[in-house]
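In what follows, a single structure is set out as structure tokens and then discussed.
All of the numbers you see were taken from the coordinates with simple rules; none came from a lab. The model shown is predicted, which means the values in this text are computed figures rather than measured ones. For neighbour counting, all protein chains shown are included, and Cβ atoms are generated from backbone atoms with ideal geometry for every residue, glycine included.
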Number of protein chains: 2
Amino acid sequence: MRGELRKDPATGKWVLVRPRVRNNGDFDQGPCPFCPGNEHLTPPEIAAYRASTGHPPRAGWDVRVVPERDPYFVIEEDLVREGIGMFDRISTRGASEIVVESPDHGMTLESADEAQIERVLWMYRDRVKDLKRDLQIRNVVVTRRHGKPGSLIRHPYSRILAAPIVFDDLRTELTQAREYFAYKRRCVFCDTIREEAATGDRLIQLTPHFAAFVPYAARVPFELRVLPRRHASAFEEIAPDEVGDLARLLKSLCGLLVKGIGDPSYRITLHTAPNLAVKIVQGEWDTIERDYHWHLEILVYPERAMWVAGIAVTEMLPEEAARILREAGSLDQPRG
Amino acid sequence: MRGELRKDPATGKWVLVRPRVRNNGDFDQGPCPFCPGNEHLTPPEIAAYRASTGHPPRAGWDVRVVPERDPYFVIEEDLVREGIGMFDRISTRGASEIVVESPDHGMTLESADEAQIERVLWMYRDRVKDLKRDLQIRNVVVTRRHGKPGSLIRHPYSRILAAPIVFDDLRTELTQAREYFAYKRRCVFCDTIREEAATGDRLIQLTPHFAAFVPYAARVPFELRVLPRRHASAFEEIAPDEVGDLARLLKSLCGLLVKGIGDPSYRITLHTAPNLAVKIVQGEWDTIERDYHWHLEILVYPERAMWVAGIAVTEMLPEEAARILREAGSLDQPRG
């Protein structure tokens, strides 16, 4: 068994059961598998951007996508949905891909060229679009971790997961967005952008195409949400000027985190609509394009996660966190 | 501001925002505040069991309940529900109580007298019943931690939280249970007991009144669910013979954890129906007594929590975890 998704009938939540097959530490010993020259250390390339021209001309890649060596979901597996007595089980049909974000082992979002961040975003777009052509895939999630203790590979990369189920977090958001629209006749995310822009209490940046703010009910002291100001349910329909704007904004926000709270560990997660090409998804979420609004979530790992009876507890007001990050930015600017 | 509950409109989830008011470490310096003779170190007692007779006669208490010194929810606060722009906020009206489980600083569930565990369970019952008389309280949760790194007080205690909202985890369970009943005309928990007893793959113990098993979709390698075999939505209606049986079972299960995996850190959580005396709760969950089934959840803290895109990942099959715990028990018994 490679792994399986199991659903808890009491909570409706899915769990991925995946007996350990290899020690991931084997990457730890040798040279970085994501650096130029070590391409043979990864499984065969899925996609890459290469500059065909330029001064000086470059033979290598700018962004590269490879399968994960110890994948959560695999394209080769048959999609099997079955009942085990009263329980539900699904095979781990899908994909686990790694986006190597740069040939530069030391690249960080705050130090990167905006053009390079743009390339990474375009690659996200390409891969999400391509994966959604597979009608056995219902959900694609892109995550990027920075500085998480325990990560073995320092080279900057993102992970793309494609799964045969709509994950619980997205399902919850879709349901909430639908309920809100049914009651208000407005998108909850569009409303939130207007509210955050109007009060300014938790706003970090408002660019031509995006709004970045600390959510009203942030789960950890430093959480950021980045929303496109144009209503759109699917990230992969992003426009070129939005990509440029988002690249600049991400660089800037990561810079604020470094200046404001000192190079913290964080996780970026892309929340985009499930695969609407799948009829059953389109059937269940028939108003998704109206209700839902793609976005990025940036979550700074707290020193200690605090929970009480399943509720997140935070000891910092979101308004205070926003003020700290805004002031980190204003340090750059000459004061009048 | 003492703290507030904030709701995220995108996810529907509540967060408790509670600026730090005191260093909890102040308990760390002096003598144990929960040991006999140090009763003056805690806020005034809420309830206690004292043996009025016995050989030898005892002047002290057997179980004692006090308010938490740095409470999450407080009885003195006014219940205020208000909108902040488009957002929802609720004051932290409720209660945070500590059940000191024994005068014995070193008591553990596996070493305790069954009679003492019974007293603790009766005290849970008394406090839940009493707190539910308060119509501003919608939800009561009892949790007990053992050996969690970071806990300052070693003396055995449980925490009782009473809150003005139905917490997300319980809300999810209530919704799932209602949907299951609507479709199957049966309680999902009763069905699960039958299934686990029939297959035996994940069963740990079946007593006259309870079933204990590793759930089919356990989120961590060692998770246990303890369900009363008699359908009942509210723990506080527990019968005397059930209390005795549950005390024996808890002692036994904690013994299996110690023998099977070596005194791990764990958390026990009581899942019971919300406060049906509150009209709006009864209105929203009008079939709760039919749908829902109280239970205990025992969750052993994993070495590292693994999550991918919001889904729990576990590297041990629940059937394997159950086998390890069952075999730990069989070591006690003479082999034929």
Cα-Cα over 21 Å, subset of A:K132/A:K184; B:K132/B:K279; B:K132/B:K184; B:K13/B:K148; A:K129/A:K279: A:K132/A:K184; B:K132/B:K184; B:K13/B:K148
Taking θ = phi - 60°, what integer Hz values does the Karplus form 6.51 cos²θ - 1.76 cosθ + 1.60 yield along segment B:173-189, in sequence order, with x for Gly and Pro? 5, 4, 5, 4, 5, 5, 5, 5, 5, 4, 7, 9, 6, 9, 6, 5, 6
Tensor-based shape of segment A:90-245 (alpha-carbon gyration tensor, a/c under 1.5 rounded, otherwise prolate or oblate): oblate
Gain in span if fully extended, B:E82 to B:S111, counting 0.36 nm per residue against the direct Cα distance: 5.6 nm
In a GNM of chain A with a 10 Å cut-off on Cα contacts, which of A:I261, A:I165, A:I193 has the highest mean-square fluctuation? A:I261
Between B:A197 and A:R194, the FRET efficiency computed from the C-beta separation at R0 = 56 Å comes out, to the nearest 0.05, as 0.55
Once you put a point 7 Å from the Cα of B:T207 and another 7 Å from the Cα of B:R154, both along the Cβ direction, what distance in nm separates them? 2.8 nm
Prolate/oblate/rounded label for segment B:4-330 (Cα gyration tensor, a/c 1.5): rounded
Hey, how many Å between the Cα centroid of segment B:57-102 and the Cα centroid of segment A:129-204? 35 Å
Under a 10 Å cutoff between Cα atoms, tell me which one of B:H105, B:H146, B:H40 has the largest fluctuation in the Gaussian network model of chain B. B:H40
From a point 7 Å beyond the Cα of B:R267 in the direction of its Cβ, which residues of segment B:115-149 have a backbone N at a distance under 12 Å? B:142-146, B:148-149
Applied in sequence order to segment A:249-257, the curve 6.51 cos²θ - 1.76 cosθ + 1.60 (Karplus, θ = phi - 60°) yields integer Hz couplings, x standing for Gly and Pro, of 5, 4, 4, 5, 5, 5, x, 5, 4
Rg/Rh ratio calculated on Cα atoms of segment A:198-287 (Kirkwood radius): 1.02
The protein assembly as shown: equivalent-ellipsoid semi-axes (sqrt of 5 x gyration tensor eigenvalues, Cα, Å): 45, 30, 25
For A:D104, which inter-copy label distances result when the label point lies 7 Å beyond Cα on the Cα-to-Cβ vector, reported in nm to one decimal and in ascending order? 6.4
Compute a Gaussian network model of chain B, connecting alpha carbons closer than 10 Å, and tell me which residue from B:A197, B:A309, B:A162 fluctuates the most. B:A309
Only helical DSSP H runs with n ≥ 4 go in: add -39500 (n - 2.57) per run for chain A, normalise by residue count and round the 222 nm mean residue ellipticity to 500 deg cm²/dmol. -9000 deg cm²/dmol
